[in-house]
Amino acid sequence: MAYNQMLQSTIEGVKAITRTDLCLLDTEGNVIAATNSDAQQYRESVLTFVSSPAEIQVVQGYQYFKIMDAGSLEYVMLIRGDSDDIYTIGKLVAFQIQNLLSAYKEKYDKENFIKNVLLDNMLLVDIYNKAKKLHINAEARRLVFVIETNRSRDNNAMEIVKSLFTGKSGDYITAVDEASIILVKELAEKDSYKEMHVLARTIVDLLNTEAMSNAKIAYGTIVGNIKDISRSYNEAKMALDVGKIFYDEKSVVAYNRLGIGRLIYQLPIPLCKMFIDEIFPGTTPDEFDDETLLTIRKFFENSLNVSETARQLYIHRNTLVYRLDKVNKATGLDLRVFEDAITFEIALMVVRYMHYMESKEY
C-alpha cells in the first residue's frame, strides 16, 4: 500500500511538470496508480501488450512501456501522447519507476530478513548468506529496543520512531506483533549502554509528547553478530515484562539492570505458591488495606527508619508503630527487623509476579 502511494505521488509529480496523463497497471490489468479517472478502460489493450514481445507501442493515443524487475515484467505504464518528447519522458519515468521498484524490494527484503532473524526463523548458514546478499554487515555491534505504547497498532508512534532514524542505513524499525515496535540499532564502537539509555529516554519523551502515548521501552544487551540479535530481542521482551511487574514507575528498563526482579521472573509458579504458603499461611502480603501497604512502602523507602517514615506520612510515631505491630500479628514478621523486612519485600514481589502471570493466561 505504501509503495502504491509512492507510485501515485511520482506520476502526479510528472503530470504537474509535463501536463500529460499517466497510468500504471499490473500484468493482470489492475490499475496501480493513475492521473486520469478512465484508466481501467485500457485493461484489455494492456493485457494484449503484456503477452506481446514488444517493449513499447502506441495504442489509442497512449504510449505503452514495459517495466521490468530482475528480468520479469512487473508493470505497464501508459503516457498520453505519441510525440518524440512524450516518448523521452515515458522512458525516463519508466526508468525511475523501475529504480523505485528495486529500492523498495530491497528495503522490504531487508525488513523481512531482520524479522526472521529476530524470531529465530533462519538457519545460521542462511543468515550469513542472506546478509551478504542484502549488503548487511553481519559483524556490526547492535542492540534491540522493544517499544510499547498504550495503543495497539500505533502507526503514528511507528512513524515518529522511523523519523528519528531516517537516513541511518544500519538501523531497522519493524514490528512482529500488534503490541510493540522493534528497533534494531547499529552501534558505533564508542557507543555504550549509557548512550543507549539516553537514546531510549529521548524516544520515550518524543512519543509521549508527539503521539500522546504512555510509552515504555526496554532494551537487551549489545551483541557483536547479527545471529545474536534474536537474543537481544528476547532479553528486551523479558525486561519489558519485568518492568511492568516490578518497576511500573520506570518508562525505560535495561535488561542488564533488572536486579532481583530478574530472579523472581524466572521462578516457576508452583515454587512461588509454595513460598507464599510457607511464609504467609492462610493469607498473602497484598491483602492489607491501601493505608497499611502505603505505610510499609514508605517504611522500606526510608530504610526502616520509624521517625522519618512517620514524618513523611504526617502521622504520630506511635501510630506508625501500631500499624507495624498489626502487620506483625497478621504475618509473624516484624518489619523493624531487617531479615523480616527483606522477606516481606520479596514476598510482595513474588505475589505481583504471580498475579501478572495469571492475568496473561486470560
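Considering only residues of the stretch 5-34 that are among the polar types (S, T, N, Q) and open to solvent by 30 Å² or more (accessible area, probe 1.4 Å), which is modelled with the lowest pLDDT?
So, considering only residues that are among the polar types (S, T, N, Q) and open to solvent by 30 Å² or more (accessible area, probe 1.4 Å), the one modelled with the lowest pLDDT is Q5.
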Exercise. Consider only pairs whose beta carbons are under 8 Å apart and that are at least six residues apart or on different chains; among these, list those whose first residue lies in the stretch 342-362 and is crowded, with 16+ Cβ neighbours inside 10 Å and whose second residue is basic (K, R) and assigned to a helix (DSSP H, G or I).
Key: M354/K273
Practice problem: Scan the stretch 240-252 residue by residue and report those that are out of contact with any Phe, Trp or Tyr (no Cβ under 6 Å at 6 or more places or on another chain) and either outside any helix (DSSP H, G or I) or closer than 24 Å to V327 by Cβ (or both). | Solution: F246, Y247, D248, E249, K250, S251, V252
Quiz item: Inside the stretch 267-314, can you point out the residues that are touching a Ser or Thr at 6+ places or on another chain (Cβ under 8 Å) and in a loop (DSSP other than H, G, I, E, B)?
Solution: F280, T283, N302
Quiz item: Does S213 satisfy the criteria of being over 22 Å from V117 (Cα atoms), in contact (Cβ under 8 Å) with a residue 60 or more places away in the chain, surrounded by 14 or more Cβ atoms within 10 Å (Cβ to Cβ) and in contact with an Asp or Glu (Cβ under 7 Å, 6 or more places away or on another chain)?
Solution: yes
Quiz item: Quick one: which of K250, K244 is out of contact with any Leu (no Cβ under 7 Å at 6 or more places or on another chain) and free of Cβ contacts under 8 Å to residues at least 40 places away in the same chain?
Solution: K250
Quiz item: Of all residues in the stretch 101-137, which are assigned to a loop (DSSP other than H, G, I, E, B), open to solvent by 50 Å² or more (accessible area, probe 1.4 Å) and within 26 Å of Y75 (Cβ to Cβ)?
Solution: H135
Quiz prompt | Residue check for L164: touching a helix residue (DSSP H, G or I) at 6+ places or on another chain (Cβ under 8 Å) and either exposed (fewer than 13 other Cβ atoms within 10 Å of the Cβ) or free of Cβ contacts under 8 Å to residues at least 24 places away in the same chain (or both) | solution = no
Quiz item: Any idea how many residues of the stretch 72-100 are assigned to a strand (DSSP E or B) and among the aliphatic types (A, V, I, L, M)?
Solution: 5
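The values are calculated or read from the model by the stated rules, or taken from the named source; none is laboratory data. In this text the structure is predicted, and so the values were computed from the model without any measurement. Counting neighbours? That spans all protein chains shown, and the Cβs are built from the backbone with ideal geometry, glycine included. Surface accessibility is based on the protein's heavy atoms, side chains included, excluding ligands, DNA and RNA. Shrake-Rupley method; radii C 1.70, N 1.55, O 1.52, S 1.80 Å.
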